[in-house]
Amino acid sequence: MTGSTILSSLLGGVLIGLASSALLLFNGRIAGISGILGGALRPVAGEWGWRWWFVAGLLTGGLAVYAVAPGAFAIAVHRSWPLLLAGGVLVGFGARLGSGCTSGHGVCGLSRGSARSWVATAVFTAAGMVTVFVLNHLLAGG
Amino acid sequence: MRNGVAFGTGLVFALGLGLGGMTQPARIIGFLDVAGQWDPTLVFVLAGAVGTHMLAWRWIRRQRHPVLAAGFQIPRERLIDTRLVLGAALFGVGWGIGGYCPGPAITALVSGHPVALAFVGAMLAGVALFDLTPLGSPRALPARPAQPDTAAQAVPAHEELSAPTDA
C-alpha cells in the first residue's frame, strides 16, 4: 500500500464523515445506508422522499467517480453466481435484522460511542473474516 | 431543502466511497483476508470517517435541534440482544462473500457491472424478505420505538444524551 493510497483512503473517509455529519446536523438523520434503503422500500409519508434523494445522490456521486476513474469499480473478486446472490440476500437481511450496516454501525454508531454499534461492528468484521478464510483458503475459490 | 441536503450528502458520501477504494470488492475482501495479503485500506477509510464524524458529533450533540428539522432521530436502543448479534453475523457473512456493503453496492450500480447489479438485486430482496418476517413489521416492536431505521421518535439531542449512555 503506497502513501498516496493511504492519503486517498483517509480523504475518502473524511468525505464520508463530513457527509454523515451534514445529514445529521441539517436533517437530524443518521447516514445509515441500510436504514435509508429499508425506509425507501416502505413508503411512509414524509419519511420516504428524502431517502430516494439520498440514493439519487449516491448514484450521481458514483457517476462522477466513474467518469473520472472507472477503475474505482473494478471487480477482481470471483464468486459463483449462486454464492454471490446468497451474499447479497444476507447483507440486506442481516443489516435490517441487526439494525444497521457498515455505515450506520461502523461509522455513525462508533463515532457516537454506541456499545451496540461496537458489538455489531466487531461481529460483522469477525464473521466477514471467517467467511473469507473459509472461501479463499479452506475452499480456495468459492 | 431537506431533500437537497439528502441529495448532496449522498453525493459526497459516494465520492468518499470511490476515493477510499470502498467500491472495489477486492479491497474489502483484502481487508477481511487476514490469512492472505492483508489490505489495510478500509482501516484508513474508517479512521477518516469516524475521526471526522466523532469531532462533528461533539458539536452537533449540543445543538437543540437540526438546522432543518424539529428533532434529531438518533437510535436510543441500548440492548445488546440476539437480534443485533445474529443480524451482524449474517451481514458479515454476506459482506465476506461479495465484498460489498450496501452503500458501495448501490454506488457501484452506475458501473453497470453484472456482479454489482446482481448483488444489489439480491440485497434488496434480502431487505424485502426481512420486511415479510414478523420482526420486519413496523408494529412488531412497540416497546422499542428507537430502532435506528424504523419508526425512530424525534427527540432533541440533549434529551437523548441526558439518559445514561451505553459507552
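General observations
- If the condition is being crowded, with 20+ Cβ neighbours inside 10 Å and either over 23 Å from A:T5 (Cβ atoms) or of a type in the set (G, A, S) (or both), then the stretch A:60-83 contributes A:G61, A:G62, A:A72, A:R79.
- Tally, over the stretch B:74-87, of residues that are of a type in the set (A, V, I, L, M) and under 24 Å from A:S21 (Cβ atoms): 1
- Of all the residues in the stretch A:66-80, those that are of a type in the set (V, I, T), more than 7 Å from chain B (Cβ to nearest Cβ) and within 15 Å of B:L117 (Cα to Cα) number 0.
- Hits in the stretch A:33-51 - residues which are more than 7 Å from chain B (Cβ to nearest Cβ), surrounded by fewer than 18 Cβ atoms within 10 Å (Cβ to Cβ) and not acidic (D, E): A:P43, A:V44, A:A45, A:G46, A:W48
- A:L138 fulfils the conditions (1) at pLDDT below 95; (2) surrounded by 22 or more Cβ atoms within 10 Å (Cβ to Cβ) except for a single criterion, (2).
- Condition met for A:F54 (facing chain B (nearest Cβ under 7 Å), closer than 15 Å to B:F7 by Cα, within 15 Å of the chain's Cα centre (by Cα) and of a type in the set (F, W, Y)): yes
- B:R61 satisfies every condition listed in (1) among the charged types (D, E, K, R); (2) surrounded by 15 or more Cβ atoms within 10 Å (Cβ to Cβ); (3) more than 7 Å from chain A (Cβ to nearest Cβ); (4) farther than 20 Å from A:R116 by Cα except (4).
- Test: residue in the stretch A:101-112 that is more than 17 Å from B:A6 (Cβ to Cβ), out of contact with any Pro (no Cβ under 9 Å at 6 or more places or on another chain) and without any contact (Cβ under 8 Å) to a residue 24 or more places away in the chain: yes
- Condition check for B:Q73 on (1) polar (S, T, N, Q); (2) in contact (Cβ under 8 Å) with a residue 24 or more places away in the chain; (3) more than 7 Å from chain A (Cβ to nearest Cβ): one failure, at (3).
- For the residues A:L25, A:L15, the requirement of being crowded, with 17+ Cβ neighbours inside 10 Å, within 21 Å of B:F31 (Cβ to Cβ), among the hydrophobic types (A, V, I, L, M, F, W, C) and at the interface with chain B (Cβ under 7 Å from one of its Cβ atoms) singles out A:L15.
- Residue tally, condition part of a helix (DSSP H, G or I), within 7 Å of another protein chain (Cβ to nearest Cβ) and free of Cβ contacts under 8 Å to residues at least 24 places away in the same chain, over the stretch B:1-43: 11
- Within the stretch B:126-142, one or more residues are modelled with pLDDT of 50 or more, within 7 Å of chain A (Cβ to nearest Cβ) and under 25 Å from A:V134 (Cα atoms).
- Count - residues of the stretch B:72-95 that are surrounded by 22 or more Cβ atoms within 10 Å (Cβ to Cβ) and part of a loop (DSSP other than H, G, I, E, B): 3
- Listed conditions (1) buried (at least 24 other Cβ atoms within 10 Å of the Cβ); (2) farther than 22 Å from A:A126 by Cα; (3) more than 7 Å from chain A (Cβ to nearest Cβ) are all met by B:G112, apart from (1).
- Residues that are more than 7 Å from chain B (Cβ to nearest Cβ) and under 15 Å from B:R78 (Cβ atoms) were ranked within the stretch A:97-135; the one that is surrounded by the fewest Cβ atoms within 10 Å (Cβ to Cβ) is A:W118.
- Residues in the stretch B:44-71 that are closer than 16 Å to A:G109 by Cβ and part of a loop (DSSP other than H, G, I, E, B): B:R61 only.
The values are calculated or read from the model by the stated rules, or taken from the named source; none is laboratory data. Remember, predicted model here, so these are calculated numbers, not experimental data. Ideal geometry is used to build each Cβ from the backbone, glycine not excepted, and the neighbour counts take in all protein chains shown.
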